[in-house]
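One structure is given below, encoded as structure tokens.
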Amino acid sequence: MEKALIGSQEWCSFENLNIPSIKARIDSGAKTSSIQSTNIKKFKKGKETWVSFDVNPIQDNLSIVVHCESKIVDVRIVKSSSGITDKRFVIMEKVQIGNNSFEIELTLANRDGMDFRMLLGREAMKDRFIVDPSKHYLTSQITDEELEKKYSHLLHEKSGLSIGLLATDKSLYSNKRLMEAGKARGHEMYFYNIQQCYMRLDTVTPEVRYRGGSIIQDLDAIIPRIRPSMTFYGCALLRQFHSIGTYCLNPDTAISQSRDKLFSSQLFSANDIQIPITGFAKSPLDTKDLINMVGGAPLVIKLLQSAQGKGVVSAETDKAAESVINAFKSLQANILVQEFIKEAAGKDLRCFVVNGKVVASIERSAPKGEFRSNIHMGGTAKKIKITQEERRLAIKAAKILNLAVAGVDIIRSNKGPLLLEVNSSPGLEGIETATGKDIANEMIMAIEKKLKFKRQ
């Protein structure tokens, strides 16, 4: 049998999977072929075990999805180049490459981070092909117009907004809820991992690219869900999205300001918002006076860049406070020293603000022996009715930082409500569970209102 000549990249088709064309990288170093797959689910078909999965056959178009089903012929443990082991289903399907049609084994794998949606391994090439690594697409050439025509039946007229969710973990409750809420209101929702986005800075054609070259364009809005460790890069991405005309629910400057506890505290003080007495100093020589300045121990010590209760400690005595403060200073860490509000009894309020309105509020209680009331650190939450003064405080704090969406933390004291901090990427799970309110829907509606979108 005469072997056909192929290049290092070729077009393949799978008639039984309804995939008319998909680019494949020819890789003799890999034994088994694989195809990009998401939403992989095993099911029974009679006495046979089958699998359903979705394929995005075009690398730079995540909106085109082909739903596939196939019989499982094997399950294999595959070790990636990064050393991570993964259990993969194996299917058998007929592939067409040029004039050659034959059955191959395919492993189902998430190849979103790869340059190609398919890989053709050496088992499929055996006794069939000779590879010329210097050439591409020797068996067939397909233009962008031809490719679009092949998948035109999967294209649908846009009836909603195109909204991107910028975060790092798609599986988190908040992120899943936002994706669900957006789809429920008829919008096209896309998840983008912050770490896999990159930018082209150019006066004429600035770009945001994703996973190997896909250009992110024509998005109406971005919902930023930026974890503290990704603040710098996440805010840089938001600036880039803004430069290409995409609306960002929370702008980069607002997020940066909210993450800087000293700067935001100075803004609040300058705008007549009451906060616990707070001190900031650099020299260890000033530690004793710093402690006295905020009313002495017990007091709270906060790292400037901390979040979610992390990097926050309490000191019960002046001596302990002095030791902790000087220890932080010796590590060149920037800290705030803040008065301890004893009468709060380990409780605070979380007010969720969306577009200048408090849409939900809860009271969080710290577990026994703890002063931090964060839910993920063992705190409990219950629905609560806040006062008008507390409501005005929450709305004003979000407005000062220019946040369309904010989690505003307030503590009740003998002096009245005091602002603790403002979270620019507040979690939804605790407050939705405690209040029963659909806050994710409120956030999507806020985007609709800003963009003057009217549902059909």
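The values are calculated or read from the model by the stated rules, or taken from the named source; none is laboratory data. No experiment lies behind these values; they were computed from the predicted model shown. Counting neighbours? That spans all protein chains shown, and the Cβs are built from the backbone with ideal geometry, glycine included.
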Residue that is outside the structural domain of ILE64 (by TED's automatic domain parsing), surrounded by 15 or more Cβ atoms within 10 Å (Cβ to Cβ), touching a His at 6+ places or on another chain (Cβ under 8 Å) and over 19 Å from ILE64 (Cβ atoms), where the choices are CYS235, CYS248, CYS197: CYS248
Qualifying residue in segment 247-268 (condition: of a type in the set (Gly, Ala, Ser), at positive phi and at pLDDT below 95): no
Criterion (under 27 Å from GLU448 (Cα atoms), β-branched (Val, Ile, Thr) and either surrounded by fewer than 18 Cβ atoms within 10 Å (Cβ to Cβ) or in contact with a Lys or Arg (Cβ under 7 Å, 6 or more places away or on another chain) (or both)) met by exactly one of THR143, THR168: THR168
Listing of helices (runs of 4 or more DSSP H) fully contained in segment 220-282 that carry 3 or more residues being touching a residue at least 24 places away in the same chain (Cβ under 8 Å) and hydrophobic (A, V, I, L, M, F, W, C): 231-243, 261-270
Filter result (of a type in the set (Gly, Ala, Ser) and surrounded by fewer than 19 Cβ atoms within 10 Å (Cβ to Cβ)) within segment 14-61: SER21, SER28, GLY29, ALA30, GLY46, SER52
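Confirm whether ILE64 is at pLDDT below 95, on the phi < 0 side of the Ramachandran plot, surrounded by 13 or more Cβ atoms within 10 Å (Cβ to Cβ) and aliphatic (A, V, I, L, M).
yes
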Where ILE273 falls short, out of the listed (1) among the β-branched types (Val, Ile, Thr); (2) crowded, with 21+ Cβ neighbours inside 10 Å; (3) over 23 Å from the mean Cα position of the chain (by Cα): (2)
Subset of segment 161-192 [among the acidic types (Asp, Glu) and part of a loop (DSSP other than H, G, I, E, B)]: ASP169
Cβ pairs under 8 Å, 6+ apart, first in segment 119-142 and touching a residue at least 12 places away in the same chain (Cβ under 8 Å) and farther than 20 Å from LYS94 by Cα, second assigned to a loop (DSSP other than H, G, I, E, B) and of a type in the set (Ser, Thr, Tyr): VAL131/SER8; VAL131/SER28; ASP132/SER8; PRO133/SER8; SER134/SER8; LYS135/SER8; HIS136/SER8
GLU148, sole failed condition from (1) within 15 Å of SER21 (Cβ to Cβ); (2) in a loop (DSSP other than H, G, I, E, B); (3) modelled with pLDDT under 90: (2)
